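The values are calculated or read from the model by the stated rules, or taken from the named source; none is laboratory data. Bear in mind that the values here come from a model prediction, so they are computed numbers and not experimental data. Here the Cβ positions follow ideal geometry from the backbone for every residue, glycine too, while neighbour counts run over all protein chains shown. Heavy atoms of the whole protein, side chains included, go into the accessibility calculation; ligands, DNA and RNA do not. Shrake-Rupley method; radii C 1.70, N 1.55, O 1.52, S 1.80 Å.
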Amino acid sequence: MRITRIESIELRLPQITEKTAGTQDTLLVKVHTDEGLVGIGEIDSSPRVSKAIIEAPVSHTIVRGLQEVLIGADPLENEVLWHRMYQATVYMGRRAAVIHTMAGIDLALWDLKGKAFGVPVWKLLGGAFRQKIRAYASILFGATPAATEAIGQRWRKAGFTAVKFGWEPLGESEAKDIALVEGARRGIGDDAWLMVDAGCCYDTRTAMKRERQFRPYNLSWLEEPLHQDNLEGYSKLSQASETPIAAGEGEATRGEFLRLMDEGGVDIVQIDPARVGITETMKIASLARDRHRKVVNHSYKTYISIAASLHFLAALSDAWLLEYCVEDSPLLNSLTNEKFPLDAEGMVAVPQTPGLGVSINEETVERYRQR
Ligand code: MG
(Lines give C-alpha, C1' and ligand atoms only; values in the text may rest on other atoms or scores of the structure.)
Protein backbone atom coordinates (compact mmCIF):
# COMPACT_ATOMS: atom_id res chain seq x y z
CA MET A 1 0.00 0.00 0.00
CA ARG A 2 1.28 3.47 -0.92
CA ILE A 3 0.20 7.01 -0.01
CA THR A 4 -1.19 8.86 -3.04
CA ARG A 5 -2.45 12.12 -1.53
CA ILE A 6 -2.73 14.08 1.74
CA GLU A 7 -6.05 15.88 1.59
CA SER A 8 -6.54 18.68 4.12
CA ILE A 9 -9.91 20.39 4.50
CA GLU A 10 -10.27 23.61 6.47
CA LEU A 11 -13.57 23.70 8.37
CA ARG A 12 -14.71 26.90 10.03
CA LEU A 13 -17.94 28.12 11.63
CA PRO A 14 -19.39 31.22 9.93
CA GLN A 15 -19.00 33.23 13.17
CA ILE A 16 -15.77 32.96 15.17
CA THR A 17 -16.06 34.60 18.59
CA GLU A 18 -13.27 35.92 20.80
CA LYS A 19 -13.13 33.09 23.33
CA THR A 20 -10.51 30.46 24.04
CA ALA A 21 -12.39 27.57 22.46
CA GLY A 22 -10.82 25.42 19.75
CA THR A 23 -14.14 24.01 18.55
CA GLN A 24 -14.80 26.84 16.09
CA ASP A 25 -12.56 25.49 13.34
CA THR A 26 -10.41 22.47 12.50
CA LEU A 27 -8.23 21.01 9.78
CA LEU A 28 -9.57 17.61 8.74
CA VAL A 29 -6.88 15.35 7.25
CA LYS A 30 -7.48 12.42 4.90
CA VAL A 31 -4.54 10.24 3.88
CA HIS A 32 -5.45 8.51 0.58
CA THR A 33 -3.81 5.29 -0.63
CA ASP A 34 -3.55 3.34 -3.88
CA GLU A 35 -5.66 0.55 -2.32
CA GLY A 36 -8.61 2.86 -1.70
CA LEU A 37 -8.22 2.89 2.12
CA VAL A 38 -8.45 6.37 3.63
CA GLY A 39 -7.08 7.39 7.04
CA ILE A 40 -8.78 10.19 9.00
CA GLY A 41 -7.14 12.66 11.38
CA GLU A 42 -7.45 16.25 12.54
CA ILE A 43 -5.00 18.96 13.52
CA ASP A 44 -5.43 21.27 16.52
CA SER A 45 -3.51 24.32 15.35
CA SER A 46 -4.17 27.18 12.92
CA PRO A 47 -5.92 25.27 10.09
CA ARG A 48 -4.67 27.51 7.29
CA VAL A 49 -1.07 27.42 8.55
CA SER A 50 -1.18 23.62 8.82
CA LYS A 51 -2.66 23.36 5.33
CA ALA A 52 0.30 25.35 3.99
CA ILE A 53 2.74 23.12 5.90
CA ILE A 54 1.20 20.10 4.13
CA GLU A 55 1.00 21.63 0.64
CA ALA A 56 4.18 23.75 0.46
CA PRO A 57 6.58 22.86 -2.38
CA VAL A 58 10.12 21.77 -1.56
CA SER A 59 12.50 24.66 -0.80
CA HIS A 60 15.53 22.49 -0.05
CA THR A 61 16.39 19.21 1.67
CA ILE A 62 15.31 20.29 5.17
CA VAL A 63 12.44 22.64 4.22
CA ARG A 64 9.74 20.54 2.57
CA GLY A 65 5.96 20.41 2.55
CA LEU A 66 4.76 17.24 4.30
CA GLN A 67 2.67 15.91 1.42
CA GLU A 68 5.73 15.84 -0.83
CA VAL A 69 7.60 13.83 1.86
CA LEU A 70 4.82 11.24 2.15
CA ILE A 71 3.67 10.59 -1.42
CA GLY A 72 4.66 7.06 -2.47
CA ALA A 73 5.53 5.96 1.09
CA ASP A 74 4.07 2.91 2.88
CA PRO A 75 1.48 4.37 5.33
CA LEU A 76 1.94 1.44 7.76
CA GLU A 77 5.51 2.59 8.58
CA ASN A 78 4.37 5.40 10.86
CA GLU A 79 7.57 5.43 12.96
CA VAL A 80 9.74 5.86 9.84
CA LEU A 81 7.39 8.49 8.44
CA TRP A 82 7.44 10.48 11.69
CA HIS A 83 11.22 10.62 11.52
CA ARG A 84 11.19 11.58 7.83
CA MET A 85 8.64 14.37 8.37
CA TYR A 86 10.66 15.72 11.31
CA GLN A 87 13.92 15.74 9.34
CA ALA A 88 12.30 17.19 6.21
CA THR A 89 11.06 20.22 8.19
CA VAL A 90 13.85 20.59 10.73
CA TYR A 91 14.81 24.06 9.52
CA MET A 92 11.28 25.47 9.89
CA GLY A 93 9.75 22.98 12.32
CA ARG A 94 10.82 21.16 15.50
CA ARG A 95 8.07 22.91 17.51
CA ALA A 96 4.40 23.95 17.50
CA ALA A 97 2.62 24.25 14.12
CA VAL A 98 4.80 21.85 12.11
CA ILE A 99 4.60 19.19 14.85
CA HIS A 100 0.83 19.77 15.22
CA THR A 101 0.50 19.14 11.49
CA MET A 102 2.62 15.99 11.66
CA ALA A 103 0.40 14.90 14.59
CA GLY A 104 -2.82 15.11 12.56
CA ILE A 105 -1.22 13.11 9.75
CA ASP A 106 0.02 10.59 12.34
CA LEU A 107 -3.57 10.13 13.61
CA ALA A 108 -4.64 9.40 10.02
CA LEU A 109 -1.78 6.89 9.62
CA TRP A 110 -2.87 5.05 12.79
CA ASP A 111 -6.46 5.08 11.52
CA LEU A 112 -5.24 3.59 8.23
CA LYS A 113 -3.17 0.96 10.01
CA GLY A 114 -6.14 -0.12 12.10
CA LYS A 115 -8.34 -0.31 9.02
CA ALA A 116 -5.64 -2.24 7.11
CA PHE A 117 -5.38 -4.87 9.88
CA GLY A 118 -9.09 -4.76 10.79
CA VAL A 119 -8.48 -3.85 14.46
CA PRO A 120 -9.04 -0.80 16.66
CA VAL A 121 -5.97 1.38 17.22
CA TRP A 122 -5.74 0.44 20.93
CA LYS A 123 -5.01 -3.15 19.91
CA LEU A 124 -2.07 -1.97 17.77
CA LEU A 125 -0.79 0.01 20.78
CA GLY A 126 -0.46 -3.17 22.81
CA GLY A 127 -4.00 -3.73 24.03
CA ALA A 128 -6.59 -2.10 26.27
CA PHE A 129 -6.31 -1.95 30.07
CA ARG A 130 -9.95 -0.83 30.16
CA GLN A 131 -12.94 -0.71 27.83
CA LYS A 132 -14.46 2.46 29.27
CA ILE A 133 -13.11 5.52 30.98
CA ARG A 134 -14.53 8.22 33.24
CA ALA A 135 -15.15 11.42 31.28
CA TYR A 136 -15.00 14.93 32.63
CA ALA A 137 -17.08 17.71 31.07
CA SER A 138 -14.66 20.35 29.86
CA ILE A 139 -16.13 23.82 29.53
CA LEU A 140 -15.26 27.50 30.00
CA PHE A 141 -16.23 29.45 33.15
CA GLY A 142 -19.44 31.48 33.01
CA ALA A 143 -19.12 35.27 32.98
CA THR A 144 -20.17 35.40 36.65
CA PRO A 145 -20.06 33.02 39.64
CA ALA A 146 -23.84 32.46 39.29
CA ALA A 147 -23.49 31.62 35.59
CA THR A 148 -20.62 29.26 36.45
CA GLU A 149 -22.79 27.55 39.07
CA ALA A 150 -25.55 27.04 36.46
CA ILE A 151 -23.06 25.54 34.00
CA GLY A 152 -21.90 23.12 36.68
CA GLN A 153 -25.49 22.07 37.43
CA ARG A 154 -26.16 21.54 33.71
CA TRP A 155 -23.29 19.10 33.22
CA ARG A 156 -23.89 17.24 36.49
CA LYS A 157 -27.52 16.75 35.38
CA ALA A 158 -26.21 15.46 32.05
CA GLY A 159 -24.50 12.65 33.98
CA PHE A 160 -20.89 13.81 34.35
CA THR A 161 -19.19 12.96 37.65
CA ALA A 162 -16.30 15.36 36.99
CA VAL A 163 -16.25 18.87 35.51
CA LYS A 164 -13.44 21.25 34.54
CA PHE A 165 -13.93 24.98 34.19
CA GLY A 166 -11.42 27.05 32.28
CA TRP A 167 -10.01 30.36 31.15
CA GLU A 168 -11.64 33.76 31.10
CA PRO A 169 -12.78 35.56 33.22
CA LEU A 170 -10.38 33.93 35.71
CA GLY A 171 -7.52 36.30 36.53
CA GLU A 172 -9.58 39.51 36.61
CA SER A 173 -9.40 39.90 40.41
CA GLU A 174 -8.69 37.96 43.57
CA ALA A 175 -12.28 38.21 44.81
CA LYS A 176 -13.78 37.18 41.47
CA ASP A 177 -11.38 34.24 41.09
CA ILE A 178 -12.40 32.81 44.45
CA ALA A 179 -16.10 33.46 43.79
CA LEU A 180 -15.89 31.72 40.38
CA VAL A 181 -14.29 28.60 41.85
CA GLU A 182 -16.76 28.64 44.74
CA GLY A 183 -19.62 28.90 42.19
CA ALA A 184 -18.17 25.99 40.22
CA ARG A 185 -18.03 23.78 43.35
CA ARG A 186 -21.55 24.79 44.40
CA GLY A 187 -22.84 23.95 40.90
CA ILE A 188 -21.39 20.44 40.70
CA GLY A 189 -21.82 19.52 44.39
CA ASP A 190 -19.29 18.05 46.83
CA ASP A 191 -19.41 14.52 45.41
CA ALA A 192 -18.07 15.36 41.92
CA TRP A 193 -14.47 15.97 40.88
CA LEU A 194 -13.66 19.61 40.15
CA MET A 195 -10.74 20.83 38.05
CA VAL A 196 -9.75 24.42 37.26
CA ASP A 197 -7.92 25.47 34.11
CA ALA A 198 -6.40 28.89 34.79
CA GLY A 199 -5.53 29.46 31.14
CA CYS A 200 -1.97 30.67 31.97
CA CYS A 201 -3.32 33.84 33.62
CA TYR A 202 -1.06 34.16 36.68
CA ASP A 203 2.49 35.11 37.57
CA THR A 204 4.29 32.71 39.89
CA ARG A 205 3.51 34.45 43.22
CA THR A 206 -0.18 34.92 42.36
CA ALA A 207 -0.50 31.29 41.28
CA MET A 208 1.00 30.14 44.59
CA LYS A 209 -1.45 32.35 46.48
CA ARG A 210 -4.48 31.21 44.44
CA GLU A 211 -3.54 27.57 44.92
CA ARG A 212 -3.78 28.14 48.69
CA GLN A 213 -7.01 30.11 48.32
CA PHE A 214 -8.62 27.38 46.18
CA ARG A 215 -7.82 24.57 48.67
CA PRO A 216 -11.25 24.69 50.41
CA TYR A 217 -12.87 23.75 47.06
CA ASN A 218 -10.89 20.51 46.80
CA LEU A 219 -9.57 20.70 43.23
CA SER A 220 -8.46 17.46 41.61
CA TRP A 221 -5.97 19.60 39.71
CA LEU A 222 -5.03 23.19 38.91
CA GLU A 223 -4.20 23.43 35.21
CA GLU A 224 -1.84 25.83 33.47
CA PRO A 225 -1.77 28.53 36.14
CA LEU A 226 1.42 29.99 34.57
CA HIS A 227 2.69 31.02 31.16
CA GLN A 228 3.82 27.98 29.21
CA ASP A 229 7.38 29.37 29.06
CA ASN A 230 7.60 29.83 32.85
CA LEU A 231 9.31 26.54 33.78
CA GLU A 232 11.03 28.09 36.80
CA GLY A 233 7.62 29.19 38.06
CA TYR A 234 6.18 25.72 37.52
CA SER A 235 9.05 24.30 39.53
CA LYS A 236 8.44 26.63 42.50
CA LEU A 237 4.68 26.18 42.35
CA SER A 238 4.67 22.39 42.10
CA GLN A 239 7.03 22.12 45.08
CA ALA A 240 4.80 24.34 47.26
CA SER A 241 1.40 23.15 46.04
CA GLU A 242 -0.95 20.75 47.84
CA THR A 243 -3.09 20.66 44.68
CA PRO A 244 -1.77 18.57 41.78
CA ILE A 245 -0.49 20.85 38.99
CA ALA A 246 -1.40 19.91 35.40
CA ALA A 247 0.06 21.17 32.10
CA GLY A 248 1.15 20.02 28.67
CA GLU A 249 -1.31 21.26 26.05
CA GLY A 250 1.23 23.86 24.94
CA GLU A 251 3.89 21.22 24.25
CA ALA A 252 4.22 19.12 21.14
CA THR A 253 7.47 17.15 21.37
CA ARG A 254 9.09 14.66 23.73
CA GLY A 255 11.85 17.13 24.61
CA GLU A 256 9.36 19.77 25.71
CA PHE A 257 7.41 17.27 27.82
CA LEU A 258 10.66 16.10 29.44
CA ARG A 259 11.46 19.68 30.46
CA LEU A 260 7.92 20.20 31.78
CA MET A 261 8.35 17.12 34.00
CA ASP A 262 12.05 17.38 34.95
CA GLU A 263 12.40 21.17 35.24
CA GLY A 264 8.76 22.21 35.78
CA GLY A 265 7.93 19.32 38.10
CA VAL A 266 4.29 19.06 36.99
CA ASP A 267 2.21 16.22 38.48
CA ILE A 268 -0.20 15.59 35.62
CA VAL A 269 0.89 15.59 31.98
CA GLN A 270 -1.78 16.55 29.45
CA ILE A 271 -1.15 15.26 25.93
CA ASP A 272 -3.24 16.36 22.95
CA PRO A 273 -3.11 13.69 20.22
CA ALA A 274 -4.07 16.28 17.56
CA ARG A 275 -0.94 18.32 18.49
CA VAL A 276 1.43 15.49 19.43
CA GLY A 277 0.32 12.43 17.41
CA ILE A 278 -0.27 8.95 18.82
CA THR A 279 3.26 7.76 17.92
CA GLU A 280 4.90 10.38 20.17
CA THR A 281 2.11 10.33 22.78
CA MET A 282 2.94 6.73 23.66
CA LYS A 283 6.61 7.62 24.15
CA ILE A 284 5.79 10.64 26.31
CA ALA A 285 3.38 8.53 28.37
CA SER A 286 6.17 6.03 28.95
CA LEU A 287 8.55 8.80 30.09
CA ALA A 288 5.81 10.07 32.42
CA ARG A 289 5.25 6.62 33.91
CA ASP A 290 8.99 6.28 34.60
CA ARG A 291 8.73 9.55 36.56
CA HIS A 292 5.55 8.52 38.42
CA ARG A 293 3.53 11.32 36.83
CA LYS A 294 -0.05 10.89 35.70
CA VAL A 295 -1.13 11.19 32.06
CA VAL A 296 -4.44 12.50 30.76
CA ASN A 297 -5.51 13.66 27.32
CA HIS A 298 -6.03 17.23 26.26
CA SER A 299 -8.83 17.48 23.73
CA TYR A 300 -10.87 20.53 22.75
CA LYS A 301 -11.63 20.02 19.08
CA THR A 302 -13.97 17.37 17.60
CA TYR A 303 -14.79 13.71 18.23
CA ILE A 304 -11.82 12.73 16.05
CA SER A 305 -9.52 13.98 18.83
CA ILE A 306 -11.73 12.38 21.47
CA ALA A 307 -11.55 9.03 19.63
CA ALA A 308 -7.75 9.29 19.36
CA SER A 309 -7.65 10.09 23.09
CA LEU A 310 -9.82 7.08 23.98
CA HIS A 311 -7.44 4.76 22.10
CA PHE A 312 -4.23 5.95 23.76
CA LEU A 313 -5.81 6.21 27.22
CA ALA A 314 -7.15 2.65 26.86
CA ALA A 315 -3.61 1.46 26.16
CA LEU A 316 -2.03 3.12 29.26
CA SER A 317 -1.91 1.06 32.46
CA ASP A 318 -2.76 3.97 34.77
CA ALA A 319 -5.09 6.32 32.82
CA TRP A 320 -8.18 7.27 34.77
CA LEU A 321 -9.89 10.27 33.17
CA LEU A 322 -10.89 11.56 29.71
CA GLU A 323 -11.20 15.22 28.77
CA TYR A 324 -14.56 15.47 27.00
CA CYS A 325 -15.30 18.86 25.48
CA VAL A 326 -18.96 19.88 25.86
CA GLU A 327 -18.93 23.16 23.90
CA ASP A 328 -22.17 23.84 22.02
CA SER A 329 -20.32 23.83 18.69
CA PRO A 330 -22.16 22.60 15.55
CA LEU A 331 -18.78 21.57 14.13
CA LEU A 332 -17.93 19.41 17.18
CA ASN A 333 -21.45 17.99 17.30
CA SER A 334 -21.89 17.11 13.61
CA LEU A 335 -18.49 16.41 11.99
CA THR A 336 -18.44 12.70 12.85
CA ASN A 337 -21.24 10.18 12.73
CA GLU A 338 -19.99 8.78 16.08
CA LYS A 339 -20.52 10.81 19.27
CA PHE A 340 -19.09 8.57 22.04
CA PRO A 341 -21.94 9.19 24.52
CA LEU A 342 -21.73 9.04 28.29
CA ASP A 343 -23.17 5.95 30.03
CA ALA A 344 -25.19 5.93 33.26
CA GLU A 345 -21.98 5.89 35.38
CA GLY A 346 -20.43 8.89 33.60
CA MET A 347 -18.09 6.68 31.55
CA VAL A 348 -17.35 6.63 27.80
CA ALA A 349 -16.79 3.34 25.94
CA VAL A 350 -13.56 2.78 24.00
CA PRO A 351 -14.21 2.40 20.21
CA GLN A 352 -14.27 -1.19 18.91
CA THR A 353 -14.35 -0.73 15.13
CA PRO A 354 -11.16 -0.80 12.99
CA GLY A 355 -8.89 2.26 13.10
CA LEU A 356 -9.88 5.25 15.23
CA GLY A 357 -13.54 4.29 14.89
CA VAL A 358 -14.80 7.55 13.40
CA SER A 359 -16.50 8.29 10.09
CA ILE A 360 -17.07 11.72 8.61
CA ASN A 361 -20.45 13.37 7.99
CA GLU A 362 -19.74 14.79 4.53
CA GLU A 363 -22.74 17.14 4.72
CA THR A 364 -21.06 18.90 7.63
CA VAL A 365 -17.84 19.10 5.64
CA GLU A 366 -19.65 20.77 2.74
CA ARG A 367 -21.41 23.19 5.09
CA TYR A 368 -18.29 24.51 6.84
CA ARG A 369 -15.60 23.94 4.20
CA GLN A 370 -13.41 26.96 3.32
CA ARG A 371 -12.50 27.30 -0.35
MG1 MG B 1 -6.24 23.72 29.30
Total formal charge among the other residues, if their Cβ is under 11 angstrom from that of residue 38, Lys/Arg +1 and Asp/Glu -1: 0
Too-long pairs where the Cα-Cα distance tops 24 Å, listed order kept, from 30/115; 157/339; 236/301: 236/301
Antiparallel bridges, percent of DSSP beta bridges restricted to the chain (to nearest 5): 45
GNM flexibility winner over the chain from 182, 242, 172 (Cα, springs under 10 Å): 172
The stretch 246-304, accessible area per residue, ligands and nucleic acids excluded (1.4 Å, Å²): 28
Note, ³J(HN,Hα) from phi for the stretch 57-73, Karplus 6.51, -1.76, 1.60, rounded to Hz, x at Gly and Pro: x, 5, 9, 6, 4, 10, 9, 10, x, 6, 4, 4, 6, 9, 4, x, 7
Cα-based shape type of the stretch 3-118, given that a ≥ b ≥ c are square roots of the gyration tensor eigenvalues and the cut on a/c is 1.5: oblate
Net charge over other residues, Cβ less than 15 angstrom from the Cβ of residue 126 (K, R count +1; D, E count -1): +3
Distance (nanometres) between label positions extended 7 Å along Cα→Cβ at residue 227 and residue 144: 3.4
Helix 145-157 vs. the chain, principal-axis angle (Cα, 0 to 90°, nearest 10): 60
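Would you mind getting me the FRET efficiency between residue 35 and residue 153? Use the beta-carbon distance for r and R0 = 56 Å, nearest 0.05.
Plugging the Cβ-Cβ distance into 1/(1 + (r/R0)^6) gives 0.65.
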Overall dimensions of the chain by Cα: Rg and Dmax, Å: 20.0, 61
Calculated FRET efficiency for the pair residue 218/residue 363, C-beta based, R₀ 45 Å, to 0.05: 0.55
Label point distance in nm, residue 283-residue 62, each placed 7 Å from Cα along Cα→Cβ: 1.7
Hits among aspartates and glutamates - C-alpha to C-alpha of residue 19 under 16 Å, sequence gap 8 or more where chains match: 44, 168, 172, 197, 327, 328
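Ignoring ligands, DNA and RNA, what percent of the accessible area of the stretch 18-106 is carbon or sulfur (1.4 Å)?
53
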Probe 1.4 Å, protein heavy atoms only - accessible area per residue of the stretch 3-118 in square angstrom: 42
Summed side-chain charge close to residue 143 - residues other than residue 143 whose Cβ falls under 11 Å, Lys, Arg +1, Asp, Glu -1: 0
In degrees, nearest ten, helix 174-188 long axis to first principal axis of the chain (Cα): 80
Using a Förster distance of 35 Å, the FRET efficiency for residue 5-residue 262 (Cβ separation, nearest 0.05): 0.30
Principal-axis tilt of helix 231-240 within the chain, Cα atoms, nearest 10 degrees: 40
Carbon + sulfur, % of accessible area of the stretch 124-356 - ligands and nucleic acids excluded, 1.4 Å: 50
Residue-wise HN-Hα coupling along the stretch 122-135, computed from phi with Karplus coefficients 6.51, -1.76, 1.60 (Hz; x: Gly, Pro): 4, 5, 5, 7, x, x, 9, 7, 7, 10, 8, 9, 5, 9
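Between residue 333 and residue 79, what length comes free when the chain is fully extended (0.36 nm per residue of separation minus the Cα-Cα distance, one decimal in nm)?
88.2 nm
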Karplus (6.51, -1.76, 1.60) ³J(HN,Hα), θ = phi - 60°, over the stretch 111-120, in Hz, Gly and Pro reported as x: 4, 4, 4, x, 5, 5, 9, x, 9, x
